[in-house]
Amino acid sequence: MINIIDITIKDLIQLLRDRKTFFFLLFMPVIFTLLFGYAFGGAGDESDSRLPIGYLNQDRSWLTEELQGLLDQSKIIRILGYGPRTTTELETLVAEGELAGAIILPAGYGKAILSGKPAQITLIIDTNTATGTTIQAEVLAIANRLGSAIRTALVMERVVGDRVPFDYAFDQALAAWDDPPIKVNETTSSAIPKNDEQVMSLAHTSPGMMLQFAIAGLLTAAQLIVTERKTRSLQRLLTTRVHRIHILVGHYLAILTLILTQFTFLILFGQFILKVNYLRDVKATILVAFTAALCISALGLLIGVFAKNEEQAVIFSIIPMFVLAGLGGAMVPLELTGDTFQTIGHISPVAWAMDGFKNIAIRGFGIESVIIPSLALIAYALLFFILAIWRLHVSEES
């Protein structure tokens, strides 16, 4: 046990001598988290998610102007200007996908409604898609709203006469739709915090950059082992009473201490500066962070044992950083990909660590939601550690 601690302390002292190591491990993740987090989450609130709709008014009556006003107030469709267009132009734009649909008001539309005759609106949509049926339902609802207000005003004019003018009855009937007698109010419990888009972006970017740079930081730890082998310190150490497993565990604990220090700093930074809710469930966060550190440390140990020189240590550290981080969703959320890629992505231990952190910080789950990701990370840690023991045994015998 004393030999293991001595090796660990020796490695940590060597790492502490290089200030660039701590700049890379602690401050580079912070810089990239801010860069990517604010870049991908900064402008989301200004976008208009309504369906873009073309519009052609061939009637130009006061009634169609009322209809235009109602269409503008829609929360589902968005009219793109009232400039002069032709039916052919609208059909082309819809076919090319630049518009979700188009509305054409034929000549005589307003006159037909006022006279109580059927009046049709021409829609250019694909009724075989959910978008097309959504547009159809919204336009029909707005047209029916206008038509019912017209019919109400006409009835009031016939029954009451001048005491209730048509214009007044029409305006009152149309305004009544703003406050119907029966309506559905959607409420959210105050116990459930509202999701801020910027914070949600940082809640993905923060653990992603933390894991990515933890893997990249293995380069420094791996080079210690490489240097030890090049100077034949490792060979001399093996001639003593120190067992091979003690040497590996000593190096492993040094890497683990380094990564846990990095994780602690970055989690606290994310919690108190970026407002990422890591500490919503402290035990769950500790479990995910610790098992992720176990896994990444074992990977660093494996890289150090496999690499024969500094150049190989660089290659063996950088490639896993990009491959495992990219495949595991540290850069782009796996939720944005298909089911097949999500399944393939979970070959990477980074995907399991991301699942754990996001279950806590984004999805609001408890410690039970991180059990499976943590077990997967432990399994990867055992695999990497066993491979490191095997590789060291083979290399020292050859």
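The length gained by stretching the chain between VAL323 and ARG158 to full extension, at 0.36 nm per residue less their Cα-Cα distance, is 51.8 nm. Here the gap between LEU387 and ALA141, fully extended at 0.36 nm per residue and compared with their Cα-Cα distance, gives a gain of 82.0 nm.
Take 371-382, 69-80 and order them by the average number of nearby Cβ atoms within 10 Å per residue, most first; the result is 371-382, 69-80. With an a/c value of 1.5 or above and a/b larger than b/c for the gyration tensor axes a ≥ b ≥ c computed over the alpha-carbon atoms, segment 48-176 is described as prolate. Per-residue Karplus couplings for segment 131-148, computed as 6.51 cos²θ - 1.76 cosθ + 1.60 with θ equal to phi - 60°, are listed in order as 4, x, 5, 5, 4, 4, 5, 5, 5, 5, 5, 5, 5, 5, 4, 5, x, 5 Hz, Gly and Pro entered as x. Using the Karplus relation 6.51 cos²θ - 1.76 cosθ + 1.60 with θ = phi - 60°, the per-residue 3J(HN,Hα) values for segment 272-278 come to 9, 9, 8, 6, 7, 7, 5 Hz, with x marking Gly and Pro. Placing R0 at 41 angstrom, the Cβ-Cβ distance between ILE76 and MET28 gives a FRET efficiency of 0.40 after rounding to 0.05.
Once backbone amide H atoms are built at 1.01 Å from N, ARG78 has LEU51, ILE53 as its partners under 5 Å, excluding neighbours fewer than 5 places away on the same chain. Protection proxy ranking for 144-154, 114-124, 276-286, 300-310, using the average of other Cβ atoms within 10 Å per residue and placing the highest first: 300-310, 276-286, 144-154, 114-124. Annotation: amide H of ASP126 within the under-5 Å range of GLY132, sequence separation 5 or more or interchain, hydrogens built in the peptide plane.
Evaluating 6.51 cos²θ - 1.76 cosθ + 1.60 at θ = phi - 60° for every residue in segment 327-343, the Karplus couplings come out as 5, x, x, 6, 8, 10, x, 5, 5, 7, 9, x, 4, 5, 5, 5, 5 Hz, glycine and proline recorded as x.
A protection proxy built from the mean count of other Cβ atoms within 10 Å ranks the segments 360-367, 387-394, most packed first, as 360-367, 387-394. Distance between the modelled labels on PHE341 and TYR168, one decimal in nanometres: 6.3 nm (7 Å Cα→Cβ projection).
Where a number appears in this text, it was derived from the coordinates with a stated rule and is not lab data. Just so we're clear, the structure is a prediction, and the values are computed from it rather than from any experiment. Note that we place each Cβ from the backbone using ideal geometry, even for glycine, and neighbour counts take in every protein chain shown.
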